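The block underneath contains the structure these notes are about, expressed in C-alpha cells.
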Amino acid sequence: MSNKDFKGKNPVEEPNAQNVENEEATNLQEQAEKKAEETTEGDNTSDELTALQQKYDELNDTHLRLRAEFDNYRKRTLREKSDLIKSGGENALTNLLPVIDDFERALQNIEKAEDMKAVAEGVDLIYTKFVAYLKSQGVKAMEVVGKPFDSDYCEAIATIPAPTPDEKGKVLDCVQTGYMLNEKVIRHAKVVVGE
C-alpha cells in the first residue's frame, strides 16, 4: 500500500505543528491565569493578614491604655481614701473647738464666781451648744425608758421586779444614754429592765 492508499482510508492524522502550537499557547495561557489567580489570592490573603494585624495592634494598644488608666484610678482612689481616713475627722474636730473654748472660760470663771446659779446656767448653755453640734453631725440620743427592751439598741445591766404588770419586759431606767449616728447604733444604752 502506498501512501496514497493510506490517505484515502482515513488514517490517524499526525498532529500538525499549528495544532501543537495552539495547545501549548492555550496551556501557557491557562498557567498564566492560574498564576494570576494565585497572586490575587495571595494578595488578598496578604491584605487580610495586614488588616488583621493592624486591628490586633489597635485592640492591644486600647487594652494596655485601659489597664493603665484603671491602675491609675485604683491608686488615686486608694490615696483619696487614705487622705479621708487621716483627715476625715478634721472638720468634726474643728467644729468642736468653740465648745472647748466655752468650757475653758467656764472653768476659769468657776473659781472666781460667787453665784453658783449663773455658773450652772453657763454649763447648761455649753451642754446645749454641744448637743446641737452633735445633732448637726447626725448624732442623736436614744429614748429608751418606758419602751420594750430591744437588744439591738440596749444592753441590760440589771433586772428588777416590775412595779406593775404593764412594765414587765420594759426599760425602767437608763444608766448610760445610747447614741445613734444616722440610724446606726454607735453606743448601746445601758438599762435596767423590769422582770
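Computed from the coordinates by the stated procedures, all read-outs in this text should not be read as laboratory data. Remember, it's a predicted structure, so these values are computed and weren't measured experimentally. When we count neighbours, we look across all protein chains shown, and the Cβ atoms used for this are built from the backbone with ideal geometry, even at glycine.
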- Item | Listed residue pairs exceeding 32 Å between alpha carbons, taken from Lys140/Lys168; Lys81/Lys140; Lys35/Lys55; Lys112/Lys140; Lys129/Lys190 | Lys112/Lys140
- Item | Estimated distance in nm for a label pair at Ala141 and Glu104, the labels positioned 7 Å out from Cα along Cα-to-Cβ | 2.7
- Cα-based Kirkwood hydrodynamic radius, segment 27-167, one decimal, Å: 24.8
- Note, segment 180-190: 3J(HN,Hα) by Karplus (6.51, -1.76, 1.60, θ = phi - 60°), whole Hz, Gly/Pro = x, goes 10, 10, 6, 6, 10, 6, 9, 8, 6, 7, 8
- Note on the structure: Rounded to the nearest Å, the spacing of the alpha-carbon centers of segment 51-98 and segment 164-182 is 47
- Message: On alpha carbon coordinates alone, what is the Rg over Rh value for segment 142-194, Rh being the Kirkwood radius?
- Response: 0.99
- Item | Additional length obtainable on full extension of the chain from Asn60 to Asn95, 0.36 nm per residue less Cα span | 7.4 nm
- With a sphere of radius 14 Å drawn around the Cβ of Lys81, what net charge do the other residues whose Cβ falls strictly inside it have (Lys, Arg +1; Asp, Glu -1)? +3
- Report the local net charge at Pro161: Lys and Arg +1, Asp and Glu -1, summed over other residues whose C-beta lies under 14 Å from its C-beta. -2
- Item | Total formal charge among the other residues, if their Cβ is under 15 angstrom from that of Asp115, Lys/Arg +1 and Asp/Glu -1 | -2
- At R0 = 41 Å, FRET efficiency that the Cβ-Cβ distance of Ala162 and Phe130 yields, to 0.05: 0.75
- Final fewest-first order of Lys190, Lys140 on the 10 Å Cβ neighbour count is Lys140, Lys190
